[in-house]
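Report on one structure; see the data block that follows.
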Amino acid sequence: MLILMDGKHTERDLEAVLEKVRSLGFKPHVIPGATGVAVGITGNRGPIDRGLFDGMKGVADAIAVTRPYKLAGKDFKSGHTTVTVGGVTLGGDAFVAIAGPCAVESEEQTVRIAKKVRAAGAHWLRGGAYKPRTSPYAFQGLGKEGLRILSVARRETGLPVVTEILDQRSLEDVAEVADVLQVGARNMQNFALLKELGQLRKPVMLKRGLSATLEEWLQSAEYILAEGNPNLFLCERGVRTFSDHARNTLDLNVVPAIQEISHLPIIVDPSHATGQRRRVAPMARAAAAAGAHGIMIEVHDEPQKALCDGAQALHPDDFAQLMGELAKLCPAVGRKLAAQPPPPKKAKK
Ligand code: PEP
Ligand code: MN
């Protein structure tokens with residue numbers, strides 16, 4: 001439910017509404033808007049009797065909100081969410097590129113690739129220390145050692161670190177190092193984990209589930225928002241369909257669809273969507289043209305030796321070329337490439 005204040009209300013009128021909402025066991029959200037203040041209500045499991053607010057001083061109207069994603073939708077928030085990390089803001093006019101190897105394999109490999117993606121124009125470095133693998137026999141990531149390596153790569157390049165959080169057990173360790181916590185497709189509906197990420201307040205990148213609908217995805221976002229963490233953006237990474245020519249089907253249509261109904265930024269991961277190196281750049285360009293706020297690209301300079309997802313990794317030179325193309329393409333849709341974070345204090349050659 002949304003309580004619209006009448007614009008002539010006093011602070012005390014507003015406080016009385018907030019208190020009333022709390023007394024019902026629900027959570028009020030004050031929403032300042034261009035035309036007046038509203039109070040959104042979450043925590044109710046069924047419809048709220050609007051009569052409860054009838055006759056309260058300063059209340060103009062009470063409107064039922066039936067969408068299951070109240071905080072992720074536009075009803076409770078005017079304007080767009082932006083997430084700023086390392087001085088780079090995602091969700092506004094700027095286009096942000098997150099890049100790096102699928103997995104942290106060694107310090108040498110990660111720092112080397114991190115320097116190359118930085119030189120090519122990346123804004124944030126991404127690499128997995130904990131990897132969700134389909135086969136239990138596949139490389140599962142370096143774990144804590146991988147986190148240590150990521151912090152070295154950040155120090156060496158000045159790039160903030162995006163890395164995946166697999167479970168609650170590793171949350172403390174991962175959160176200590178990560179600038180952005182990635183929730184992978186397989187964990188999109190790990191609701192216990194989402195709740196903890198909501199309490200943590202660190203920026204979260206929520207990838208779309210393997211076959212998640214738009215409503216399911218936004219309800220997962222809602223879990224994080226409802227716990228009080230507004231630092232959230234979405235990542236479309238392809239979904240499973242009958243189409244069998246690619247690893248997944250990139251649902252670019254979801255970019256404008258999300259933007260119609262949600263204030264959350266959305267980026268696109270063409271690497272996992274296509275699974276094939278030569279298709280990554282065309283789909284990255286298409287994502288920018290569709291209005292995405294950024295991209296996530298896997299890059300490896302020795303993809304034939306990569307321990308994970310080598311077939312879809314761009315060579316650093318190809319990534320640099322893509323960044324050049326995006327610099328030209330973004331202005332056509334009202335965006336420009338974000339400025340990179342400042343270089344590290346003690347830059348090493
Ligand atoms: C990844 O980003 O490396 C990854 C495992 O992606 P997804 O969760 O989208 O499969
Ligand atoms: Mn990967």
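The values are calculated or read from the model by the stated rules, or taken from the named source; none is laboratory data. Quantities reported herein were computed from a predicted structural model and do not represent experimental measurements. In this analysis, Cβ positions are derived from the backbone assuming ideal geometry, glycine residues included, and neighbour counts consider all displayed protein chains. We work out accessible area using only protein heavy atoms, side chains counted, and drop any ligands, DNA or RNA first. Shrake-Rupley method; radii C 1.70, N 1.55, O 1.52, S 1.80 Å.
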Filter result for Asp6 (open to solvent by 20 Å² or more (accessible area, probe 1.4 Å), at pLDDT below 90 and more than 33 Å from the chain's Cα centre (by Cα)): no
Residue under question is Lys144, and the condition is that it be in contact with an Asp or Glu (Cβ under 7 Å, 6 or more places away or on another chain) and at negative phi; does it hold? yes
Within the stretch 282-296, restricting to residues that are within 16 Å of ligand 2 (Cβ to nearest atom) and open to solvent by less than 10 Å² (accessible area, probe 1.4 Å), the one that is farthest from Ala97 (Cα to Cα) is Ala284
For residues in the stretch 260-270 being buried (at least 24 other Cβ atoms within 10 Å of the Cβ) and free of Cβ contacts under 8 Å to residues at least 60 places away in the same chain, which is farthest from ligand 2 (Cβ to nearest atom)? Ile266
Out of the residues in the stretch 163-188 that are of a type in the set (A, V, I, L, M, F, W, C) and within 13 Å of Gly146 (Cβ to Cβ), state the one that is most open to solvent (accessible area, probe 1.4 Å). Leu166
Does the stretch 106-115 contain any residue that is touching a residue at least 24 places away in the same chain (Cβ under 8 Å) and under 23 Å from Pro265 (Cα atoms)? no
Please verify whether the stretch 328-335 includes one or more residues that are surrounded by 21 or more Cβ atoms within 10 Å (Cβ to Cβ) and either more than 26 Å from Gln109 (Cα to Cα) or in contact (Cβ under 8 Å) with a residue 40 or more places away in the chain (or both). no
Does the stretch 117-140 contain any residue that is part of a helix (DSSP H, G or I), free of Cβ contacts under 8 Å to residues at least 12 places away in the same chain and away from ligand 1 (no atom under 16 Å from the Cβ)? no
Set Gly92, Gly51, Gly79, Gly36: member being out of contact with any Lys or Arg (no Cβ under 7 Å at 6 or more places or on another chain) and at pLDDT 95 or above: Gly92
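I'd like to check something: does the stretch 300-319 contain any residue that is touching a Leu at 6+ places or on another chain (Cβ under 6 Å) and surrounded by 11 or more Cβ atoms within 10 Å (Cβ to Cβ)?
No - not one qualifying residue is present in the stretch 300-319.
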